[in-house]
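Quick notes on the structure that follows.
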Amino acid sequence: MTKPGLSPTSVFRPKPLEISPRLLKRRKLGNAIFLLCGKASVIFSCALLLGILGSIVYWSIPAFLSVELKLVVPVSKLLKLSPNPLKERTFLLKESLSTTYPTYEDPSQKREIQSLYSLLAQKELRGLFKDKEILKESSDTLVLWAPAQKDVAAFLKHCQKTSDVKNNKAFRLTEFQCQLLEKLQKEGSVRFRFNWGFFKFSDSQTPELAGIYGALIGSLYVLGIALLFSLPVGVITAIYLEEFATDSRLSRWIEINLNNLAAVPSVVFGLLGLSVFLNFFKLPRSSSLVGGLTLGLMLLPIMIVSSRIALRSVPASIRDAARGIGASSVQVVFHHVVPLAFPGILTGSIIGIARAMGESASLLMVGMMAFITTKPQGILSPATVLPVEIYQWVERPERGFDELSSAAILFLLCILGALNWFALFLKHKFEKRW
Amino acid sequence: MLDPKIQVHHLNLFYKAHQVLHNISLDIYRNQVTALIGPSGCGKSSFLRCLNRMNDTIEGVRVEGSILLDGDNIYGKSMDVVQLRARVGMVFQKPNPFPKSIYDNVAYGPRIHGLFQNKSALDGIVEQSLERAGLWKEVKERLHEPGTSLSGGQQQRLCIARAIAVKPEVILMDEPCSALDPIATAKIEELIDELRDRFTIVIVTHHLQQAARVSQYVGFFYAGALVEYGETGDVFTNPRDKKTQGYLTGRM
Ligand SMILES: Nc1ncnc2c1ncn2[C@@H]1O[C@H](COP(=O)(O)OP(=O)(O)O)[C@@H](O)[C@H]1O
Ligand SMILES: [Mg+2]
């Protein structure tokens, strides 16, 4: 026998690793169960999201449709009957209605027919007669598509076929009106149009005259003021804290508090705005200035925190490089760090804007819930913003506001989605640059 | 006798309570390459960063003793740190070009220090610096491409060009080749040798052959102390200290 160390049989050969089949089976089962759970939760959350989105879209579709009824205007007859037809309020509509519906003589029927049309119909008719040029060119009758009254609109949008009594009651229409509407629809005297008014009108008591224009402009005012206030202050604070402040107990204390502030519920900022801007500075209630400053307060910690993250992500090697050839601290920061952090700062700001855009609680606290039928006249005049408008519409009992609020929610969602997409786009674009 | 460019006297360096450098004294000679060697963590980088006060920005750093640059204490009250760093340039371990064009990388220093009268003078400085860094031929067609698009070795030479564009007196290099392949390393070593006639160079390296190849003087650091310092040939062939012998022969 040779020495064991040299014998070829005693060369160390590791035994292949043997895994017990039971262990293997258990491991595989574990994997399979987790993958199944993962897929199920993804599907569940997607379904939930799609469900919410789908229902909002479904509920908002009617708001984007306006219902119009045909109205035959006997122009030459009207001009003959009265030299100044604009003088009498309902004269034009009444005469046009009897031309359009010549077979209904009964005064109560006439009244019911008139109430099918929106108040806007009168306004449009009067507008028509103000414009003498058009009248001269037209023949003796003229067809006007006049907007329908809100209950009629709802009836035609939701249950166009049925006209049983139950529905009549729900839509606050008489049986006569329902039958007439059904007849009109068969004749083709009813048409659906895209409701441009939704984007053109401001708030109103009547849903067919209500739109988001005023609230949208109000939102822009408020956001503009909030940004003007919070962006420069936030970015400068972040730069100072991140690049110049020494790491002392005070600066750590500030850092912790800023992070906490960024997570404080917005109502608290509303309270702050209420006591500071309204009660102390006596600024006008419901004005976009107060709303903007309040949102600015809310945005400030968010801006500071996101800007600091962006600044911190600039690698130390760049700072070293600049410092190493004799750039001063301010030069290092403004020539190198800030330009490199800029896309990140921008992304953070846009996400902040999106948050402010959907903010309602703190604005309600500073009284931004006035009923305003125009766009804001200035930063000190009353204004309303989109989320508050939605909140108000949801509360109104009249038919038609429910779908309007869904439509406004959809619109707001689209804007927020676009903002977030834009933030992502910027991030990707600038990340790829170098 | 050689003319000392930098004189270090009794230098102690603390990071908060932790002492990193212990009573270091040495002279760094004009237009020579001085290499600093030693095991990692022994304080070579910390020492190098004392020479242009790059340590100032680190929280809790304390320096005792003095460092004289041409006889002026760089830790003295009248010394402007920003100007000091223009006089004592630095090249880092990892190539760190600015995410700007090659041209702007080199032109940045002259711009902030106002070293030129007009655009063509700046062009001249950029060309000369890239030429001296041995990079001109490779990049002259693509001066406006980002500096980060170059290879690692080219990036490091760009950093050298950027450092020499402000015409420093001393260039500090902290393991400039540790992230590079052997060919790029050879180019940089060659470059260091060429730069010696204009600049005083201090280079930290963990590569003994490199120290032997490029330097005229070598200092061996061990645990925050300068164990041995002298002409490279002497130290390598005839080390006096046991620790140096051990380190040079790899028995540490
Ligand atoms: N910023 C710092 N803060 C605290 N300690 C540090 C810092 N930088 C380096 N040190 C310590 O100083 C010692 C020397 O480090 P360094 O100079 O980087 O060594 P070398 O470059 O020789 O590897 C190490 O013990 C390290 O932990
Ligand atoms: Mg080091």
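At a glance:
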{"quantity": "Sequence-separation-based contact order of chain A, relative, with Cα cut under 8 Å and 6+ spacing, percent", "calculated": "18"}
{"quantity": "Chain A: most fluctuating residue of A:96, A:202, A:360 per GNM, C-alpha cutoff 10 Å", "calculated": "A:96"}
{"quantity": "Mean-position separation - Cα centroids, segment B:64-103 and segment A:317-353, in angstrom", "calculated": "21"}
{"quantity": "Which of A:269, A:401, A:34 has the fewest Cβ neighbours within 10 Å, and the rest in rising order", "calculated": "A:34, A:401, A:269"}
{"quantity": "Cα centre as origin, Lys/Arg/Asp/Glu Cβ charges: segment B:97-229 dipole, Debye", "calculated": "360"}
{"quantity": "Cβ-derived FRET efficiency at R0 25 Å, residue A:361 paired with residue A:240, nearest 0.05", "calculated": "0.25"}
{"quantity": "Relative contact order for segment B:4-248, counting Cα pairs under 8 Å that sit 6 or more residues apart, in percent", "calculated": "28"}
{"quantity": "Sorted by Cβ density within 10 Å, fewest first, the residues B:162, A:252, B:132, A:355", "calculated": "A:252, A:355, B:132, B:162"}
{"quantity": "Residue among A:389, A:18, A:124 with the largest mean-square fluctuation in a Gaussian network model of chain A, springs linking Cα atoms under 10 Å", "calculated": "A:18"}
{"quantity": "Greater than 22 Å apart at Cα, pairs in A:123/A:183; B:5/B:44; A:123/A:200", "calculated": "A:123/A:183"}
{"quantity": "Peptide-level mean, for B:91-101, of C-beta atoms on other protein chains within 10 Å", "calculated": "4"}
{"quantity": "Binned Cα-Cα distance frequencies in the protein assembly as shown - 20 Å width, integer %", "calculated": "13, 28, 24, 19, 11, 4, 0"}
{"quantity": "Sites residue B:186 and residue A:26, calculated FRET efficiency, Cβ-Cβ separation with R0 60 Å, nearest 0.05", "calculated": "0.60"}
{"quantity": "Beta bridges by DSSP in segment B:42-200, antiparallel share as percent, to the nearest 5", "calculated": "40"}
{"quantity": "Burial ordering of B:8, A:72, fewest other beta-carbon atoms within 10 Å first", "calculated": "A:72, B:8"}
{"quantity": "Rounded, prolate or oblate (a/c below 1.5 giving rounded, otherwise prolate when a/b exceeds b/c) for segment A:213-430 by Cα gyration tensor", "calculated": "prolate"}
{"quantity": "Test item: A:313-322 mean partner chain Cβ contacts at 10 Å", "calculated": "5"}
{"quantity": "DSSP bridge pairs, the protein assembly as shown: antiparallel proportion in percent, nearest 5", "calculated": "70"}
{"quantity": "Gaussian network model of chain A, springs between alpha carbon atoms under 10 Å - residue of A:36, A:311, A:271 with greatest fluctuation", "calculated": "A:36"}
{"quantity": "Separation of the residue A:279 and residue A:331 label points, Cα + 7 Å toward Cβ, nm", "calculated": "5.2"}
{"quantity": "Charge dipole magnitude, Cβ of K and R +1, D and E -1 - chain B, Cα centre, debye nearest 20", "calculated": "400"}
{"quantity": "For segment A:209-281 and segment B:152-231, distance of Cα centres in Å", "calculated": "50"}
{"quantity": "Kyte-Doolittle mean at least -1.0 and Cα axial length at least 15 Å: DSSP H helices in chain A", "calculated": "A:21-60, A:119-130, A:175-187, A:213-239, A:249-262, A:288-312, A:338-357, A:401-431"}
{"quantity": "Relative contact order %, segment A:275-434, counting alpha carbon pairs below 8 Å whose residues are six or more apart", "calculated": "29"}
{"quantity": "Cα shape, segment B:29-99, gyration tensor, a/c 1.5 rule", "calculated": "rounded"}
{"quantity": "Cα convex hull volume per residue for chain B (Å³)", "calculated": "130"}
{"quantity": "Under the span-like rule (Cα at least 15 Å along the axis, Kyte-Doolittle mean at least -1.0), DSSP H helices of chain B", "calculated": "B:102-113, B:119-132, B:152-164, B:182-195"}
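Every read-out reported here was derived from the displayed coordinates using simple, explicitly stated rules and does not represent laboratory data. Just so we're clear, the structure is a prediction, and the values are computed from it rather than from any experiment. Because the Cβ atoms are built from the backbone with ideal geometry, glycine has one as well, and the counts that use them run over all protein chains shown.
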